[in-house]
1. If you go through segment B:64-91, how many residues are loosely packed, with under 15 Cβ neighbours inside 10 Å and either within 14 Å of chain A (Cβ to nearest Cβ) or assigned to a strand (DSSP E or B) (or both)?
2. Out of curiosity, is B:LEU169 within 14 Å of chain A (Cβ to nearest Cβ) and not in a loop (DSSP other than H, G, I, E, B)?
3. Select, from A:LEU57, A:LEU46, A:LEU40, the only residue that is within 14 Å of chain B (Cβ to nearest Cβ) and not aromatic (Phe, Trp, Tyr).
4. Return the total of residues in segment B:130-154 being in a strand (DSSP E or B) and either at pLDDT below 95 or under 15 Å from B:THR94 (Cβ atoms) (or both).
5. Kindly indicate whether A:LEU173 is assigned to a strand (DSSP E or B) and modelled with pLDDT of 95 or more.
6. Tell me which residues, restricted to segment A:38-52, are assigned to a helix (DSSP H, G or I), farther than 21 Å from B:THR61 by Cβ and not aliphatic (A, V, I, L, M).
7. Do you know which of the residues in segment A:2-37 that are among the aromatic types (Phe, Trp, Tyr), within 8 Å of chain B (Cβ to nearest Cβ) and not in a strand (DSSP E or B) is farthest from the chain's Cα centre (by Cα)?
Amino acid sequence: MTLAVLDGGTYYHHETINGERYRHLFDRVMYVRELTPESLAGVSVLIVPDRINANLLRQHAAMLIDFVQAGHTLIVLGENEAETWVPGVKWSPRPTNFWWWLEKDAQPTQQLVRPEHDLFRHVPFQDTIWHFHGVLTVPRGADALIVVPPDPEGRDGGGALLYDDRVTTRGRLIVSTLDPFYHHGSNFMPATTRFLDGFLVWARDTANGANAKLDSPRRSIERLTEPSN
Amino acid sequence: MKRALFLMYGQPEGGMTNVDRQLGNTGLVDFADLYELDALALPDYAAVFVSMHVDQRYLATHADMIDRYLRQGGTVVANGHIAYPFLRDLTAFTPLRDYNVDDLRVKRQTPHPVWDGVAELELTFRRGVAGFYGRGGHQPPAGATVVHTIGARGLTVDFAYPVGRGRVLFHGGNDLWQFGNAKDTTARIVPQLFEWIYAKG
């Protein structure tokens, strides 16, 4: 079983993927301009890091959707305009508050919805907390993992920063707004490094089939999911 | 008057409207997709802006084209950390490890028109937080003018150097045009960048 990662060719993708800290975790690295169906053969989990050129991702969309429809896992991180090419993704941008932690009595608004999810055996919840660029609407039947309340200025009704979707496709979509490859690869924001320390090990274990399947019943937070028709 | 060229990279923050606003809506900037570089006549441009977000792996396959443009008198303003050598004379970024706030203090080594009147303290700190400006350094090429270093270790963040009849201005951190929205002395950077580009004889 193979964990693969797309490389967007930026300095921060290069540093995060090829730096000493994580290189051993990836079985295969694929430069986004050279992605082909053949290059995905044998891959069980594919990570699309944050901040890959979205024009290229849209060009590759059919290939990536075929990959997940074959029963594989596609992880799509933030700032990839996922709402334009990933099935089921709905996105509402927010002005980014990089400074929330400097505000008086600052408390993060993120909430951990599924502490029993196997990801959180590897990633402490506090290591998922940094600024965010918008929120995702969770497809009905998918599992919201981390959510935030409605935008105080009314831009959205709240949503997820990370969800696990096993219903929209025949495979599994992990979708997040977070952008750790950029920040870790820029030698900035230690929380993003701590996040990747656990997240990439979880992704590798998922590729190896080592993570237990969710055994609790699926549930969703109704106010955060699409209304039923 | 020749125009400047901004190489776009297909990310939300790299949208033409957003970057043009950061660059001051001068009307002097053309926006073109990085991957259309082969179709562009670089000598038609007074300067080429290279963001920290570009696909350097691709750009490095055009290092000869960029080098020719520079030697013929062009100006490249590049940002970020070098991972792939798209500029002939630059080598890889050296990250600062285990740093503290003093390691991040920006020190001006040589005055430069782009940073004229810009306070070092306001480069070092944004809302009291250090580290936005530079978190490591590059080895400046021979003949470079070192503008800013950080910390006691003196890692080079900003430098300029000639290439033939042209020149490179390199900022080893987040894109300089992010200061286009600033409210302090760093707001001088973007307009002074254009003055520097077009003051060239």
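1. 2
2. So B:LEU169 fails the test.
3. None of the other options fit; the residue is A:LEU57.
4. 6
5. yes
6. A:GLU38 - this is the single residue of segment A:38-52 that is assigned to a helix (DSSP H, G or I), farther than 21 Å from B:THR61 by Cβ and not aliphatic (A, V, I, L, M).
7. Per the stated criteria, the residue is A:TYR11.
Table: residues versus (1) in contact (Cβ under 8 Å) with a residue 40 or more places away in the chain; (2) outside any strand (DSSP E or B); (3) charged (D, E, K, R).
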position	(1), (2), (3)
B:LYS107	yes, no, yes
B:THR156	no, no, no
B:TRP177	yes, yes, no
B:ALA187	no, yes, no
B:TYR198	yes, yes, no
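The values are calculated or read from the model by the stated rules, or taken from the named source; none is laboratory data. This is a predicted model, so every value here is computed, not measured. Note: ideal-geometry Cβ built from the backbone for every residue, glycine included; neighbour counts use all protein chains shown.
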